[in-house]
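Working notes for the structure below.
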Amino acid sequence: MAAKVAPSLLSADFSCLRDEVKRIEEQGAEWVHLDIMDGHFVPSITIGPPVVKALRPHTELFMDAHLMVTDPEKQIKPFVEAGVDLLTVQYEATAHLDRVLRNIKAAGIKAGVALNPATPPGVLEYIWPLLDLVLVMSVNPGAGGQQFIPAVIPKIEAIAREIKARGLSTALEVDGGINRHNAREIIAAGATVLVAGSAVFKADNGMSLIREVSAFAHKA
Ligand code: DX5
Ligand code: ZN
């Protein structure tokens with residue numbers, strides 16, 4: 001099964017994001033994960049469209065933006081104009097999920113939904129045709145460097161079964177607490193994209209995780 005790492009810039013050196021993006025490109029990354037926090041859905045504030053727009057001309061990486069913001073409908077246009085390739089919204093952050101997803105697709109980019117650790121997978125039942133990606137949060141959103149919550153493994157398995165049963169090609173991304181010790185198990189459960197922040201940017205030899213994961217995936 002093909003799987004890849006989407007390095008999260010949240011753990012990169014914010015004083016030189018352009019160089020950090022180059023570093024992951026040189027290691028073979030295809031995606032970059034952008035964690036957008038608004039100080040409301042989660043307490044922290046990170047980056048917004050101006051920073052994304054400034055990076056866009058310097059990389060061809062697929063920009064995977066994870067909106068941890070309330071009222072994500074207000075943010076679609078600014079992020080599309082900034083150049084992201086995929087917008088993922090938190091299920092818990094909007095009362096109008098179907099509309100938000102339709103608006104993202106109508107803007108010409110891919111759409112995803114993120115589920116917090118306590119959110120069951122059944123909430124996806126009526127929106128499958130709109131989804132390019134499902135993001136299973138394996139920590140509670142808000143910060144990098146937290147511990148992986150193993151209880152999400154059966155949820156990853158259930159969503160992977162559902163994607164297969166429906167004959168879809170929806171990407172299944174897992175985000176939070178992923179490192180070289182647990183990556184194999186998460187891929188075995190059915191993940192196709194692993195977000196990794198601190199394990200790539202802050203661990204010794206972290207950059208090599210990007211290539212290691214594609215090797216595990218080919219053996220699986
Ligand atoms: C958490 C973010 C994650 C986080 C991952 O709110 O959505 O993308 O940065 O960081 P690590 O890999 O350090 O858990
Ligand atoms: Zn994220």
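The values are calculated or read from the model by the stated rules, or taken from the named source; none is laboratory data. Every value quoted in this text rests on a predicted model; they were computed, and no experiment measured them. Cβ placement follows ideal geometry from the backbone for every residue including glycine, while neighbour counts extend to all protein chains displayed. For accessibility, only protein heavy atoms count, side chains too; no ligands or nucleic acids. Shrake-Rupley method; radii C 1.70, N 1.55, O 1.52, S 1.80 Å.
Site pair Ala118 and His181 shows an inter-label distance of 2.7 nm when each label is modelled 7 Å from Cα along Cα→Cβ.
Each peptide in 202-209, 4-11 gets a packing score, the mean of other Cβ atoms within 10 Å over its residues, and the list from highest to lowest is 4-11, 202-209. With all pairs of separate Cα atoms included, region 34-88 yields a Kirkwood hydrodynamic radius of 11.2 Å.
For Lys202, the aspartates and glutamates whose Cα falls under 18 Å of its own Cα, not counting residues fewer than eight places away in the same chain, are Asp13, Asp19, Glu20, Glu25, Glu26, Asp35, Asp175, Glu212. Amide H to amide H, with H built 1.01 Å from N, Ala196 comes under 5 Å of Ala6, Ser8, counting only residues 5 or more places away or on other chains. Subtracting the Cα-Cα distance of Glu26 and Ala151 from their residue separation scaled by 0.36 nm leaves 41.6 nm. Annotation: Cα Rg of region 1-128 relative to the compact-globule expectation 2.2 N^0.38 Å equals 1.05.
Of the DSSP H helices in the chain, not one has a Cα length along its own long axis of 24 Å or more together with a mean Kyte-Doolittle hydropathy reaching -1.0. The residues neighbouring Thr88, those whose beta-carbon lies less than 10 Å from its own, together hold a net charge of -3 under the Lys/Arg +1, Asp/Glu -1 convention.
Cross-link reach is defined here as a Cα-Cα straight distance under 27 Å, omitting same-chain residues fewer than 8 places apart; for Lys105 the lysines meeting it are Lys4, Lys53, Lys74, Lys77, Lys155, Lys164. Full extension of the chain between Ala165 and Ala106 yields a length gain of 18.6 nm, computed as 0.36 nm times the residue separation minus the alpha carbon distance. Under 5 Å between amide hydrogens, built in the peptide plane, is the criterion, and for Leu34 it picks out Asp64, Ala65, His66 among residues at least 5 positions away or on other chains. Accessible area per residue for region 86-161 is 43 Å², calculated with a 1.4 Å probe on protein heavy atoms, without ligands, DNA or RNA.
With kT/(6 pi eta Rh) evaluated at 25 °C and eta = 0.890 mPa s, and Rh the Kirkwood radius from Cα pairs, the chain diffuses with a coefficient of 143 µm²/s according to Stokes-Einstein. Here the ratio of the Cα radius of gyration of region 126-220 to 2.2 N^0.38 Å is 1.08. Per-residue ellipticity at 222 nm, computed for the chain from helices alone with -39500 (n - 2.57) per DSSP H run of at least four residues, works out to -8500 deg cm²/dmol.
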